[in-house]
Amino acid sequence: MPIILKSARELGLIRQACELVVEVLDQLACKAAPGVTTAELDALAAELTRRAGAQPLFTGVPNPHGKAAFPAAICASRNNVLVHGIPDEKPLLDGDILSIDFGVRLDGYCGDAAITLMIGNVSPQAKRLVQTTRDVLKLAVENCHPHRRWFEVAEIMDSFVKKAGFTIVQDFVGHGIGLDMHEDPRVPNFVDPNGGDFVLEPGLVIAIEPMVNAGSKKVKTLNDGWTVRTADSKFCAHFEHTVAITEDGPEVLTPVRCLSEIC
Ligand code: MG
């Protein structure tokens, strides 16, 4: 599929969808604490989305391995689960890290973002992993100058993570976003020898989503067809922003407040 550049009107609609994503993620971040379950966080996300007249993006997404469709509004991925974790009734524990990926469709247009929260007191190593993942996303966005090639940004991301002693996951990548949740281009967080480079043209809207492992970059999908965890069971983290490329530079459409740790 060709890359679809967005008009000012479309960008406005995506911005509104993203504002709702931010509102919901901020509320989930403030609620997440030891003893709270990810099913409770999911129910809150679904309710806030419904009240805003929007639809959760991930509910009912068909499974690529022929298993059941995704059953929840949020992906709740804890500790060694990287992405696509299914919310459950297990209470969060002090020392957990929890990635919440969440998206909505509002008036036809999509917004998508992910954060990794530190629950209670996490280990210094887990904290450094979460901060590195958050920082590499920030670094990527800052480097999204219009007309630049994406691979220059991907190279910066990969070397930043390597220097921190962690690994960038290669099995999952970011994506274009607009009328569809996943549009072209693919947005790899590394220089992919199989291709995937593109020009950051004004009008482009992409979801940039670095996934960083504490150990090996290898991941595996569990039998439910969704849950992706690290092959070595070490911790992992995930942050994501929907970003618009404009002539004036990048615009983060999902400026989640809890990322600056106000909660
Ligand atoms: Mg995404």
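Any read-out appearing in this document is the output of simple, stated calculations on the displayed coordinates, not a laboratory observation. Just so it is clear, the model here is predicted, and its values are computed rather than measured. Here the Cβ positions follow ideal geometry from the backbone for every residue, glycine too, while neighbour counts run over all protein chains shown.
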List the residues whose amide H sits under 5 Å from the amide H of LEU204, counting only those 5 or more places along or on another chain, with H placed 1.01 Å from N in the peptide plane. LYS6, ILE245
Among LYS162/LYS217; LYS163/LYS220; LYS31/LYS138; LYS127/LYS163; LYS31/LYS90; LYS90/LYS218, the pairs whose Cα-Cα distance exceeds 20 Å are LYS163/LYS220; LYS31/LYS138; LYS90/LYS218
Select from VAL24, VAL199, VAL243 the residue whose mean-square fluctuation is largest in a Gaussian network model of the chain (Cα-Cα springs shorter than 10 Å). VAL199
Calculated from DSSP H runs of 4 or more alone, at -39500 (n - 2.57) each and per residue, what is the 222 nm mean residue ellipticity of the chain, nearest 500? -9000 deg cm²/dmol
With Rh as the Kirkwood radius over Cα pairs, the chain has Rg/Rh of 0.94
Sorting GLY120, GLN170, SER159 by the position of each Cα along the dipole of the stretch 94-174 (Lys, Arg +1; Asp, Glu -1; all at Cβ), the one nearest the positive end of that ordering is SER159
To the nearest 20 debye, what charge dipole does the chain have about its Cα centre, counting +1 at the Cβ of each Lys and Arg and -1 at the Cβ of each Asp and Glu? 600 debye
Mind listing the Cα extents of the stretch 103-249 along all three principal axes, in Å, largest one first? 41, 33, 33
